[in-house]
2 protein chains.
Amino acid sequence: MSILSGIHPVAEALRSHHPLDRVLVAQGAGGPRLQEIIDLARRAAVTVRFEPRAALDRLAGTPAHQGVVALGAATKYAGVEEVAAAEMVVVLDGVEDPHNLGAIIRTAYAAGAGGVIIPERRAAGVTDVVAKAAAGALEHLPVTRVVNVNRMLEDLKRSGHWIYGLDERGTEDYDRVEYSTPTVLVLGGEGKGLHEQVRKHCDVLVRIPVAGKIASLNVSVAAGIVLFEWRRRRLKG
Amino acid sequence: MSILSGIHPVAEALRSHHPLDRVLVAQGAGGPRLQEIIDLARRAAVTVRFEPRAALDRLAGTPAHQGVVALGAATKYAGVEEVAAAEMVVVLDGVEDPHNLGAIIRTAYAAGAGGVIIPERRAAGVTDVVAKAAAGALEHLPVTRVVNVNRMLEDLKRSGHWIYGLDERGTEDYDRVEYSTPTVLVLGGEGKGLHEQVRKHCDVLVRIPVAGKIASLNVSVAAGIVLFEWRRRRLKG
């Protein structure tokens with residue numbers, strides 16, 4: 001992953017729409033030029049995080065970063081149209097752990113899904129950790145970022161997709177529901193499930209019935225179980 | 001001393017009366033799920049202390065503790081007999097990543113497996129990282145360590161178990177093979193698959209057919225796909 005530091009390089013990268021995963025600003029740093037970077041980042045939908053100065057020192061490899069460091073994206077994101085044309089689209093509603101994001105991309109590709117959609121904010125972007133966990137799948141499977149997941153789901157519905165949300169409170173078992181084509185599978189963030197608005201956009205809420213009362217599943221494992229059930233039926237039918 | 005962190009693992013440890021020394025809550029943290037943990041701790045007569053977030057970061061080794069850390073005793077491994085009596089036993093042949101081990105334990109419990117067997121050497125043991133990734137399942141699912149996986153498989157065969165090894169070179173598709181009871185599912189280490197000797201001890205070598213030539217699966221995701229196919233058939237039959 002490329003790392004830029006200093007006010008001028010980071011501002012230039014933002015102005016020229018260089019693909020950036022996030023901008024880190026040192027806690028307590030300020031001034032009009034830093035504020036301008038924050039504004040540029042927000043306009044470009046690049047995540048801004050405030051971190052201790054020591055974290056920036058470590059990333060930049062020097063304390064001479066003027067309070068700002070930018071992390072380049074490990075991949076170019078695909079266009080929304082490319083992803084939406086697929087028979088199976090996986091939409092992630094706030095997956096934050098990069099290992100999970102990478103494992104889901106890897107699993108989606110192995111199951112024959114055609115694309116993954118992730119939100120630009122409050123979610124992991126495609127970093128080197130994600131690329132490593134994806135084990136090469138990022139080279140083949142288009143991944144796109146959208147500002148508004150709800151609007152994306154509305155667009156997908158209009159283009160004929162059926163939206164299946166995986167949720168602990170789902171009413172249909174994942175292995176009994178019929179999957180209409182083209183299919184969208186929406187997965188929530190770790191330990192939080194789907195956002196209320198996202199849930200309302202789903203045509204069907206499915207659940208994975210588990211043994212034991214406390215049992216729950218890691219989101220990437222849950223993705224694998226549903227995606228391979230979809231694949232099993234598709235190959236059979 | 002074992003350290004648990006995160007809302008789900010700490011709540012589960014309290015609910016299952018895992019011996020805990022104290023529960024630390026980050027100053028300023030709140031919400032209904034944290035309040036539930038505080039109530040559970042008070043009912044179980046476990047001390048609750050409010051500490052600066054930085055103290056929790058340090059103990060948990062990560063800032064991703066959701067505002068709660070519990071200090072307790074290390075996991076006791078179960079006896080081999082207890083594990084071997086189960087209808088489905090998961091045997092891990094050299095899983096090294098603690099996140100994967102934890103996710104597999106969590107998944108095995110959710111699928112209704114009765115125990116997990118791990119080797120003592122060249123494999124992850126049950127550490128705090130594993131306990132956290134297992135999200136409470138360690139409180140319920142017996143996990144045992146054996147010196148020699150091959151000898152363990154011979155013992156299981158003699159007691160009537162059928163041994164299914166998951167392997168990329170498997171000859172049977174996981175969703176077409178018949179699973180005889182009691183069942184043993186053997187999974188290999190990350191990127192290495194089953195050891196040659198272990199493969200020879202398997203009655204059946206199954207594979208998960210994937211889309212795309214380069215596609216492969218994370219071992220915990222693969223475990224979920226096979227275990228939930230076994231569960232789906234078991235519930236249906």
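The values are calculated or read from the model by the stated rules, or taken from the named source; none is laboratory data. Worth saying up front: this structure is predicted, and the values here are computed from it rather than measured. Here the Cβ is made from the backbone with ideal geometry for all residues, glycine too, and neighbour counts use every protein chain on show. Protein only, heavy atoms only, side chains kept; ligands, DNA and RNA dropped before computing areas. Shrake-Rupley method; radii C 1.70, N 1.55, O 1.52, S 1.80 Å.
Observations on the structure shown:
- Exactly one residue out of B:221, B:177 is within 26 Å of residue A:142 (Cβ to Cβ) and not small (Gly, Ala, Ser), and it is B:221.
- Residue A:184 vs. criteria buried (at least 18 other Cβ atoms within 10 Å of the Cβ), at pLDDT 95 or above and touching a strand residue (DSSP E or B) at 6+ places or on another chain (Cβ under 7 Å): yes
- Residue within the range B:118-131 that is touching a strand residue (DSSP E or B) at 6+ places or on another chain (Cβ under 8 Å) and within 19 Å of residue A:225 (Cβ to Cβ) present: no
- Residues that are over 27 Å from the mean Cα position of the chain (by Cα) and of a type in the set (A, V, I, L, M, F, W, C) within the range B:14-72 comprise B:26, B:29, B:45, B:48, B:50, B:54, B:55, listed in sequence order.
- Of all residues in the range A:121-147, those that are within 14 Å of chain B (Cβ to nearest Cβ) have Cβ atoms under 7 Å from Cβ atoms of residues that are of a type outside the set (Val, Ile, Thr) and open to solvent by 70 Å² or more (accessible area, probe 1.4 Å), 6 or more apart or on another chain, in A:124/A:96; A:129/A:99; A:133/A:99; A:142/A:82.
- Residue B:177 satisfies every condition listed in (1) touching a residue at least 12 places away in the same chain (Cβ under 8 Å); (2) under 19 Å from the mean Cα position of the chain (by Cα); (3) within 14 Å of another protein chain (Cβ to nearest Cβ) except (2).
- Of residues in the range A:102-112 being open to solvent by 10 Å² or more (accessible area, probe 1.4 Å) and over 30 Å from residue A:42 (Cα atoms), the one nearest to the other protein chains (Cβ to nearest Cβ): A:112
- Residues that are aromatic (Phe, Trp, Tyr) and more than 10 Å from every other protein chain (Cβ to nearest Cβ), drawn from the range B:189-237: B:230
- Residue under evaluation residue A:159, criteria (1) away from chain B (no Cβ under 14 Å); (2) open to solvent by less than 30 Å² (accessible area, probe 1.4 Å), criterion not met: (2)
- Unmet requirement for residue A:123, which otherwise passes all of (1) surrounded by fewer than 24 Cβ atoms within 10 Å (Cβ to Cβ); (2) over 26 Å from residue B:213 (Cβ atoms); (3) over 9 Å from the mean Cα position of the chain (by Cα): (3)
- Flag if residue B:223 is without any contact (Cβ under 8 Å) to a residue 24 or more places away in the chain, within 25 Å of residue B:98 (Cα to Cα) and among the small types (Gly, Ala, Ser): no
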